[in-house]
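So the structure is just underneath, and the comments pick up after that.
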Amino acid sequence: MARVLVVEDEPDIAELVCLHLTTMGHTAVHEADGLDALARARGGGFGLIILDLNLPRMDGLDICRTLRADDDPTPILMLTSRTGEIDRVLGLELGADDYLTKPFSVRELMARVKAQLRRAALYAPSAPAVAAPPERAPLAVLDLMIDPERRQVRRGDAALELTAREFDLLLFFARHPGRVYSRSQLLDEVWGTGYAGYDHTVNSHINRLRAKLEPDPQRPRYVLTVWGVGYKFAEG
C-alpha cells in the first residue's frame, strides 16, 4: 500500500479520488493549492502524485517541472480538463508518467494508479536474498551499470537520476542491444499493451532519457534513432 498525494482544487473530484484510494487501502493526502502541494511533495514519502493542471498559485505543469528539476523520481499521473494535445505532450515532456483527461472514469483512474504503483514497486529494494535472479542481476553495457534490483544507473562514476518510466525504457533497451523497435512496439513493451497512449509519448521519454544519459544528446551514443522505423540501443 502507498501514500498518494492528490493535488486537486475541485472539492468533489478530490473527495471522490481520495475515497477510492482509501478503499483500495492506500493513504490519500490532499492538497488544493499548487505551492502547498509542491512543498508537500518535496517532503517525500509518496509512492504516486495525482496532479491536476489547473491549480491556484502554481499550476501542475510548473509543479511537475520543478520536481523533475529536483531529480524527484516519484511517478506523476496528470489530470487535465484541457482538450488540446499540446498540454498532454508538454506534461509528458516535463516528466509526467501518464495523463488522464477530465471527465474520467474512476475505474480507469484507479487502474492507472495500480499500474503506476506496480511499475514503481516492481524492482523496489528488498532484503538481501541468496542470489538475484537473472532479470534482477546488474547489467553492464558499454560504460553503463544498470542495477534493476536497486533501480540505479551509473555511467562511470556518475549516478543518473531517472524517473520510473525512464528507467524501465533504458533497461528494456539495454537488454536488447542492436534490436530496432517501433514506437508502437515500445508502447506495448514498456508501457503495457493496455496503455491508450500515442507515439509522441515514446518520443518525449526518449528525449528526456537522452538529456540525462547522453554526454551529447544531439549526438547520442546509447539510444539511437533508426529513421523511418524507430529506435535501438547501441551494441557494445
### Query
With the contact rule set at Cα under 8 Å and sequence spacing of 6 or more, what percent relative contact order holds for the chain?
14 percent
### Query
Taking the chain as a Gaussian network, where each spring joins two C-alpha atoms under 10 Å apart, which residue of Asp72, Asp97, Asp157 fluctuates the most?
Asp157
### Task
Tell me which residues come under 5 Å, amide H to amide H, from Tyr99 once H is placed; ignore anything under 5 positions away on its chain.
Met78
### Task
Compute the length gained on full extension between His176 and Arg107: take 0.36 nm times their separation in residues and subtract their Cα-Cα distance, giving the result in nm to one decimal.
21.4 nm
### Summary
So the angle from the long Cα axis of helix 60-69 to the longest Cα principal axis of the chain, reported in degrees to the nearest 10, equals 40 degrees
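Suppose every K and R has +1 on its Cβ and every D and E has -1 on its Cβ; what is the size of the dipole of the chain about the Cα centre, in Debye to the nearest 20? Kindly include the intermediate steps, with their values, before the conclusion.
Details: 29 positive and 34 negative charges, 160 e Å.
The dipole magnitude comes to about 760 debye.
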### Message
Between helix 199-213 and the chain, what is the angle of the helix's C-alpha long axis to the longest principal axis, kept within 0 to 90° and rounded to the nearest 10?
### Response
70 degrees
### Task
Could you tell me which of Thr74, Ala121, Val106 has its Cα farthest along the dipole of segment 3-121 towards the positive end, charges placed at Cβ (Lys, Arg +1; Asp, Glu -1), taken about the Cα centre?
Ala121
### Listed residues Leu90, Leu187, Leu55, most fluctuating in the chain (Gaussian network, C-alpha, under 10 Å)
Leu90
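How would segment 3-121 be classified by its alpha-carbon gyration tensor: rounded, prolate or oblate, with rounded meaning a/c under 1.5 and the a/b versus b/c comparison settling the rest? Can you show the working numbers first?
Working: a/c = 1.24, a/b = 1.12, b/c = 1.10.
Note, shape of segment 3-121 comes out rounded.
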### Query
Can you pull the Kirkwood radius for segment 134-233, inverse mean 1/r over Cα pairs, to one decimal in Å?
13.8 Å
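What is segment 3-121's relative contact order, in percent, from Cα pairs under 8 angstrom and six or more apart in sequence? Don't skip to the answer; put the middle values down first.
Numbers: 184 pairs, mean separation 27.5, N = 119.
Normalised by residue count, the contact order of segment 3-121 is 23 percent.
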### Query
For segment 22-64, what does the alpha-carbon gyration tensor say about shape, rounded, prolate or oblate, given a ≥ b ≥ c as the root eigenvalues, a/c under 1.5 as rounded, and a/b over b/c as prolate?
prolate
### Query
What stretch of the chain, leaving out the sites themselves, is the longest with no chymotrypsin sites (Phe, Trp or Tyr not before Pro) in a DSSP loop having at most 14 other Cβ atoms within 10 Å?
1-194
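Whole number please: convex hull volume per residue of the Cα set in the chain, in Å³?
Values: hull volume 31.7 nm³, N = 236.
Output value, Cα hull per residue: 134 Å³.
All of the numbers you see were taken from the coordinates with simple rules; none came from a lab. Quick caveat: nothing in here was measured; it's all calculated off a predicted structure. So basically every Cβ, Gly included, is an ideal-geometry build from the backbone, and we count neighbours across all protein chains shown.
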